[in-house]
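Data block below; observations after.
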Number of protein chains: 2
Amino acid sequence: MKALRFIGNELKLEEVAVPAVAGEALVRVIRSGICNTDVEIVRGYNGFSGTIGHEFVGVVEECADAPELVGKRVVGEINAGCGVCEQCVKVDSRHCPHRTVLGIDRRDGAHAEYLTLPARNLFVVPDNVSDDQAIFTEPLAAAYGILEQVTLDDKMRVAVIGDGKLGLLCAMSLAPQNKNISIIGKHKEKIAVAEAHHVKGILLEDVDEAMHRTFDVVIESSGSDAGFETALDLLKPRGKMVLKSTFNGRACIEMWRIVVDEITVVGSRCGRFAPALELLAQGNIRVESMISAEYPLEKGVEAMRKATEKGVLKVVLKM
Amino acid sequence: MKALRFIGNELKLEEVAVPAVAGEALVRVIRSGICNTDVEIVRGYNGFSGTIGHEFVGVVEECADAPELVGKRVVGEINAGCGVCEQCVKVDSRHCPHRTVLGIDRRDGAHAEYLTLPARNLFVVPDNVSDDQAIFTEPLAAAYGILEQVTLDDKMRVAVIGDGKLGLLCAMSLAPQNKNISIIGKHKEKIAVAEAHHVKGILLEDVDEAMHRTFDVVIESSGSDAGFETALDLLKPRGKMVLKSTFNGRACIEMWRIVVDEITVVGSRCGRFAPALELLAQGNIRVESMISAEYPLEKGVEAMRKATEKGVLKVVLKM
């Protein structure tokens, strides 16, 4: 089968064997989405080597553990816990210290014709959710999962910093919970995607001192030191910053500001798939408006290059 | 009167006028304590210029607003809010955006024979709390105030990083709430102060991988990038880091670890004085065991130098 692999510091399309099932489900991938994390991996994040990609929709071809899934259209939770440690059994397998992560950590990923995942990681996609929408399940879960970590109400002023894919999904998925949500970014055309979902768009260049110390919650999804500092500027004392982006390397931050203003910083990575699929099935969030380009898997290297271009949102691979 | 002042980038003892009362209370300072923040200010933190010092005990000499305080022995909340803004009226004057802060921000401080503070900032010291104990009210309030931001129970494993004054006060004041509290530092003799208060002492060099990911709450009071990283090492996924120290400049941090492990970082600056005075009055915390040296105010410059010496904890000035 074909797979887009990052091996020996080089990204290339390779012909490899269909993965052995080994007690897991075999999924034929229909489509996959390129995430910023894929781009960061190719820049060295996490020292990953193998097939990249973790956003996908596919059809189950083999599944000994749950034969009823065979033939079903599914998406998949990307963290595969060991299933036996205390964290897996008692707390949350997404934080299992031995976990592998699809296309991110010691597990071949989704930019390929086939992948395997444990049956318990798979979620059947409702019929009214299209393939193009379903590939957004994982990032939408990550965005929507913020609500499990931070309480939002309509009195709160909320800002999302960053108009990339994750920032847009945060703003779009939280807008039904809060009518005072703003998105701050550098790109008018990206901000417009969120504005179509009742989010107030603000260009970064228009952020001024009058906005400082006026937000209760700021979601930092720009993944830059500057975004972190802007978040500190905007937050009220004792405000909450939700930190969403993973990127390679160190950020150099005036940490004393967190102490002086008694800010709470909430690290937020993954969300649950079931609520995200429900949100997609309700049809209020038009995630597919974020697709900028589609490529066949064969042109995966070119697609990855496209994903880093200015103004480009989601790039999709078709198998 | 004599005052220890940081003016034009130079620390010196000066003869200045007794401050004008201007609607506030005039307090004759008996003793003051040197805090790391004083040392940071002399290194440039906050761009402060004036009389330094914010930990004190004194006697009220004039107080038009509350004449019953005259003659009373008091300590003082260091943040003086404007008293009229929304933050002061509805939320917390300690976070007033217009506030001055004793010896830290546009308000002459406590390393002097006299100071002024609004009457509402003063707290009468119980008779069974000595002068030497009373000067610890402010830092003890800052340590003990953690309990208003983070819930601790006996099942949780808690570590304090840093065996300086603030770290010791955190460990000593939280020990009655949690039997699993450890303090991690570089100095056996400092750690011993906390060990006398039922805290487990761990030398930093003995922290190994077996301790990684085993703590529910880590209080970072070392004020160093390395301390922050150690805190991330020690925390379980979804654990809480309480950030206590203010220091000048930027910290360079692997922020992605906060996201991946979904850590919550809680900035924590000030606490309330009343519970801290109550704690001192109960007599279970022997804060005075942290006093390393006493100097007359006249030798304030020398005392500040002493405060930066290896192995030295609290240095006290006597007026």
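The values are calculated or read from the model by the stated rules, or taken from the named source; none is laboratory data. Keep in mind the model is a prediction, meaning the values are calculated, not measured. Counting neighbours? That spans all protein chains shown, and the Cβs are built from the backbone with ideal geometry, glycine included. Ligands, DNA and RNA are excluded from the accessible area calculation, which covers all protein heavy atoms including side chains. Shrake-Rupley method; radii C 1.70, N 1.55, O 1.52, S 1.80 Å.
Things to note:
- Other residues whose C-beta falls under 11 angstrom from the C-beta of B:HIS187 contribute a net charge of +2, scoring Lys and Arg +1 and Asp and Glu -1.
- Square roots of 5 times each gyration tensor eigenvalue, C-alpha, chain A, largest first, Å: 33, 20, 20
- The local environment of A:ASN46, defined by Cβ-Cβ distances under 9 Å, has a net charge of -2 under the rule Lys, Arg +1 and Asp, Glu -1.
- Point-to-point label distance, A:ASP154-B:GLU309, nm (Cα→Cβ direction, 7 Å offset): 6.4
- Accessible surface, the range A:150-267, averaged per residue in Å² (probe 1.4 Å): 37
- Inter-copy separations for B:LEU13, label at 7 Å along Cα-Cβ, nm, ascending: 8.0
- Label distances, nm, A:LYS200 versus same residue in remaining copies, Cβ-directed 7 Å point: 5.0
- Rg and Dmax of the protein assembly as shown, based on Cα coordinates, read 28.0, 87 Å.
- Spin-label proximity, A:ASP206 to the range A:128-167 - amide N less than 18 Å from point 7 Å beyond Cα toward beta carbon: A:158-164
- Cα-based convex hull, the range A:156-214, per residue volume (Å³, whole number): 67
- Between amide H atoms placed 1.01 Å from N, distances below 5 Å from A:LEU117 occur with A:ALA25, A:VAL27, all of them 5 or more places distant or on a separate chain.
- Alpha carbon centroid spacing (whole Å) that separates the range B:191-220 from the range B:154-172: 8
- Nonpolar atom fraction for the protein assembly as shown, defined as the carbon and sulfur part of the 1.4 Å probe accessible area, stands at 48 percent.
- Chain A packed on chain B takes about 3300 Å² of accessible surface away from a 1.4 Å probe, both sides summed.
- Estimated from helices alone, the mean residue ellipticity of the protein assembly as shown at 222 nm is -6000 deg cm²/dmol (sum of -39500 (n - 2.57) over DSSP H runs with n ≥ 4, per residue).
- Of the peptides B:94-100, A:126-132, the order by per-residue mean of other Cβ atoms within 10 Å, starting with the highest, comes out as B:94-100, A:126-132.
- Inter-chain neighbour count for A:87-96: the average number of beta-carbon atoms from partner chains within 10 Å of each residue's beta-carbon is 2.
- The packing ranking of peptides B:101-108, A:287-294, highest mean first, is B:101-108, A:287-294, where packing means the average number of other beta carbon atoms within 10 angstrom of each residue.
- Rounded, prolate or oblate (a/c below 1.5 giving rounded, otherwise prolate when a/b exceeds b/c) for the range B:1-148 by Cα gyration tensor: rounded
- Take B:8-14, B:272-278 and order them by the average number of nearby Cβ atoms within 10 Å per residue, most first; the result is B:272-278, B:8-14.
- Of the cross-linked pairs A:LYS240/A:LYS314; B:LYS72/B:LYS165; A:LYS90/B:LYS155; A:LYS155/A:LYS244, those separated by over 19 Å at the C-alpha level are A:LYS240/A:LYS314; B:LYS72/B:LYS165; A:LYS155/A:LYS244.
- Order of exposure, largest accessible area first, which applies to B:ARG31, B:ARG238 with probe 1.4 Å: B:ARG238, B:ARG31
- Three semi-axes describe the equivalent ellipsoid of the range B:150-267; taken as square roots of 5 times the Cα gyration tensor eigenvalues and ordered largest first, they are 20, 16, 13 Å.
- Mean partner shielding of peptide A:234-240, defined as the number of other chain Cβ atoms within 10 Å of each residue Cβ, is 3.
- Counting only residues at least eight positions apart within a chain, or on another chain, the aspartates and glutamates with an alpha carbon under 12 Å from that of B:LYS306 are B:GLU294.
- Other residues with beta-carbon under 11 Å from the beta-carbon of B:VAL21 carry, at +1 per Lys or Arg and -1 per Asp or Glu, a net charge of -4.
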